[in-house]
1. Within the stretch B:151-191, work out how many residues are part of a strand (DSSP E or B), in contact (Cβ under 8 Å) with a residue 40 or more places away in the chain and of a type in the set (A, V, I, L, M, F, W, C).
2. Do we find a residue being open to solvent by less than 20 Å² (accessible area, probe 1.4 Å), part of a strand (DSSP E or B) and modelled with pLDDT of 85 or more anywhere in the stretch A:63-84?
3. Which residues, counting only those in the stretch B:31-44, are facing chain A (nearest Cβ under 10 Å), under 26 Å from the mean Cα position of the chain (by Cα) and farther than 13 Å from A:Glu217 by Cβ?
4. When you look at A:Ala172, is it outside any helix (DSSP H, G or I), within 14 Å of another protein chain (Cβ to nearest Cβ) and out of contact with any Leu (no Cβ under 7 Å at 6 or more places or on another chain), yes or no?
5. Among the numbered criteria (1) more than 14 Å from chain A (Cβ to nearest Cβ); (2) within 30 Å of B:Arg273 (Cβ to Cβ); (3) in a loop (DSSP other than H, G, I, E, B), which single criterion is violated by B:Ile57?
6. Could you tell me how many of the residues in the stretch A:213-240 are touching an Asp or Glu at 6+ places or on another chain (Cβ under 6 Å) and either small (Gly, Ala, Ser) or under 23 Å from A:Trp159 (Cβ atoms) (or both)?
7. Which of the residues that make up the stretch B:136-157 are more than 9 Å from every other protein chain (Cβ to nearest Cβ) and either open to solvent by 60 Å² or more (accessible area, probe 1.4 Å) or among the aliphatic types (A, V, I, L, M) (or both)?
8. Out of B:Val156, B:Val125, report the one residue that is closer than 24 Å to A:Arg216 by Cβ, aliphatic (A, V, I, L, M) and at pLDDT below 95.
Amino acid sequence: MFKKTALTALTAALALGLTACGGSDEGSSAASGGGGGGGDDTITLGFAQVGAESGWRTANTASIQEAAKTAGIDLQFSDAQQKQENQISAIRSFIQQRVDVIAFSPVVETGWDAVLLEAKRANIPVILTDRSVDSEDDSLYVTFLGSDFVEEGKKAGEWAVENWGSQPTFIAELQGTTGAAPAIDRQEGFADAIAGTPNLQVVASQTGDFTRSGGREVMEAMLNSHPEINAVYAHNDDMGLGAIEAIEAAGKVPGKDIQIITVDAVKDGMQALADGKINFIVECNPLLGDQLMDLAKKVVAGEEVPSRVVTEETTFTQEQAVQVLPERKY
Amino acid sequence: MNRLTRSPLLWPLLALAALLLFNLVVNPGFFAVRIQDGHLFGSLVDVLKNAAPTLLIAIGMTLVIASRGIDLSVGAVVAIAGAIACNSLVSAPDPTSAGAAVVAISTALGVALLLGAWNGLLVSVLGIQPIIATLVLMTAGRGIAMLITDGQIITVDNDTYGWLGGGYLFGIPAQVVVAGLILLAVALLTRRTALGMLLEAVGINPEAARLAGVRSRSIVWTVYVFAALAAAVAGLMISAQVTAADANRAGLFIELDAILAVVIGGTSLAGGRYSLTGTVVGALILQTLTTTVYTVGIPPDMTTLFKALVVIVVFLLQAPRLRAVLARRRRPAPPPLPSGGLPEEAAAVLTGGPVLADDEHTPAPTAGGTTGSGRGALR
């Protein structure tokens with residue numbers, strides 16, 4: 001009896017999984033299908049996006065779509081909904097359509113060699129955006145356009161040295177998801193920048209998983225175990241926003257009693273910066289559409305492009321936030 | 001006998017005490033609770049407050065597990081509840097008013113009621129295995145939440161709504177008050193009336209319970225509806241804590257935490273006998289563990305390993321005791337019992353005497369004493 005039901009359960013689970021995969025595959029190829037390319041002078045760019053998991057990503061998508069329109073590039077857009085298999089099938093369909101250039105933000109770092117080799121054999125150049133791939137063969141893609149996370153950490157650290165370095169500062173670090181490249185690199189860059197300043201001390205460092213509730217819960221605990229904390233470095237805005245809630249609940253004033261640096265500059269973060277609750281934000285710019293279109297044109301024209309292009313990024317103080325907030329796109 | 005009835009909770013309680021003691025040694029200020037701006041403030045308060053959402057879900061899960069089921073969809077319901085409430089708030093004519101918050105919360109709870117009814121329908125009427133039936137909503141639910149929020153994090157600004165996550169009532173965090181009241185209501189409803197016993201009877205042997213006149217179908221249906229409602233309240237708390245709805249991450253894997261809390265508390269996944277007190281202890285252990293990681297400063301890359309080790313130790317501590325209890329139960333009744341729990345008591349009460357409702361079941365002359373440890377009392 002039990003065996004039989006267990007078997008039924010298993011079959012049902014399998015069937016469910018299979019239909020789910022089938023469904024999304026169809027969806028992505030339908031989305032990317034229609035309108036071939038490459039025949040005339042217009043450049044056709046096939047772009048496989050990760051998904052729409054955050055405000056940052058949505059702004060990234062919007063920037064690429066707008067920039068393609070302005071640059072007169074025919075954009076074939078596909079949304080992988082955070083699944084690598086969707087992204088691979090989208091790239092395959094780009095190859096079949098013979099687009100002029102393929103760009104994508106890899107969902108994960110590994111497992112791209114086979115499909116990228118197919119693109120290479122079809123003589124379609126590939127540009128990586130935002131995230132890189134982990135492959136021994138770097139001839140599989142022409143360039144990687146994206147943020148330098150170490151540099152972001154460094155910018156945060158340099159501001160800390162400049163503004164906090166004169167008196168003893170006890171910093172709580174809210175790390176991103178353990179093992180994620182931005183978390184590792186932003187920690188490294190910050191640590192390097194503050195290494196020569198004895199007044200700056202990271203007294204507690206924990207992961208808040210890049211989420212608001214994570215940032216809040218970690219900050220609550222840190223405020224209890226390290227009452228001396230008077231500064232926070234959060235690897236993204238969301239964790240910083242969570243920390244603000246915890247700091248307020250502890251009866252302290254965020255931005256004054258406890259100063260805060262975050263990375264990203266999404267809308268809610270910029271609002272908090274303008275309100276004086278955050279002190280400094282290092283931008284992680286999703287608006288790389290124009291740079292991508294430039295690169296695509298150069299690659300198709302056969303020009304040499306550098307193998308690593310860093311997104312144009314800036315930093316914001318509270319005064320700058322007040323100024324730019326009305327015209328921020330995300 | 002008395003000692004025996006208390007024993008299932010002994011080890012979880014000791015584990016909780018050990019964890020708290022460990023925290024006290026590492027951080028002497030851990031037990032300090034002070035009044036800050038008119039409310040309680042301190043590590044212990046944080047533990048209680050942050051345990052509240054998991055506890056609420058675990059209470060619902062306890063009842064579902066007692067009915068021999070499982071509900072994997074609670075995490076998705078958490079995400080949906082937060083998404084609906086925040087979406088309703090931002091589209092309200094006056095997003096900061098108390099009225100908008102009431103509408104948002106009621107809408108979210110109403111939808112949760114429907115989701116729970118859906119789960120209950122699949123399990124109790126259509127007879128689909130609970131793990132599969134709720135898996136449907138687990139996978140689809142987060143997608144629904146994403147649809148509602150458009151994949152964005154929706155930030156709201158409403159003090160009434162925010163109160164649910166960060167407010168206080170007589171200095172006690174609102175989350176603790178709400179979770180405590182719901183716990184009390186469930187305890188009274190299932191332990192002071194026959195409902196708890198009927199639920200256990202259904203969990204031990206649904207067919208026997210039905211033959212004995214228990215309306216198994218509606219009882220099973222009800223527990224799934226309640227589990228979804230509890231998850232929705234937890235979802236509102238989680239969203240209100242940060243005054244935002246994050247459909248991607250809110251309540252991710254919380255169903256596993258809830259099941260873990262139930263199991264640490266000594267409720268068997270085989271259904272039947274359950275312990276609400278055990279679930280409370282289980283939820284507190286899990287939260288204390290998380291807070292310990294943060295206060296003690298265990299490196300993030302070792303966090304999951306540390307948690308797993310503590311949980312394994314708790315289970316190992318429970319295991320010999322469990323074996324001893326099982327051995328004692330087996331000895332007087334050589335043929336294997338169809339399921340654990342307290343079949344004799346339930347069957348006896350249901351049929352008005354020591355008559356067997358299930359023909360596979362063999363009488364266990366002395367077992368009635370060892371297992372009949374007590375409805376009525378909160379275990």
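The values are calculated or read from the model by the stated rules, or taken from the named source; none is laboratory data. Quick caveat, the model's predicted, so the values are computed rather than measured. Note: ideal-geometry Cβ built from the backbone for every residue, glycine included; neighbour counts use all protein chains shown. When the accessible area is computed, the model is the full protein with side chains, heavy atoms only, and any ligands, DNA or RNA have been set aside. Shrake-Rupley method; radii C 1.70, N 1.55, O 1.52, S 1.80 Å.
1. 3
2. yes
3. Of everything in the stretch B:31-44, those that are facing chain A (nearest Cβ under 10 Å), under 26 Å from the mean Cα position of the chain (by Cα) and farther than 13 Å from A:Glu217 by Cβ turn out to be B:Phe41, B:Gly42, B:Leu44.
4. Details: outside any helix (DSSP H, G or I): yes; within 14 Å of another protein chain (Cβ to nearest Cβ): yes; out of contact with any Leu (no Cβ under 7 Å at 6 or more places or on another chain): yes.
Criteria met by A:Ala172.
5. (3)
6. The total comes to 3.
7. Result: B:Leu137, B:Met138, B:Ala140, B:Ile144, B:Ala145, B:Leu147, B:Ile148, B:Ile154, B:Val156, B:Asp157.
8. Unique residue meeting the criteria: B:Val156.
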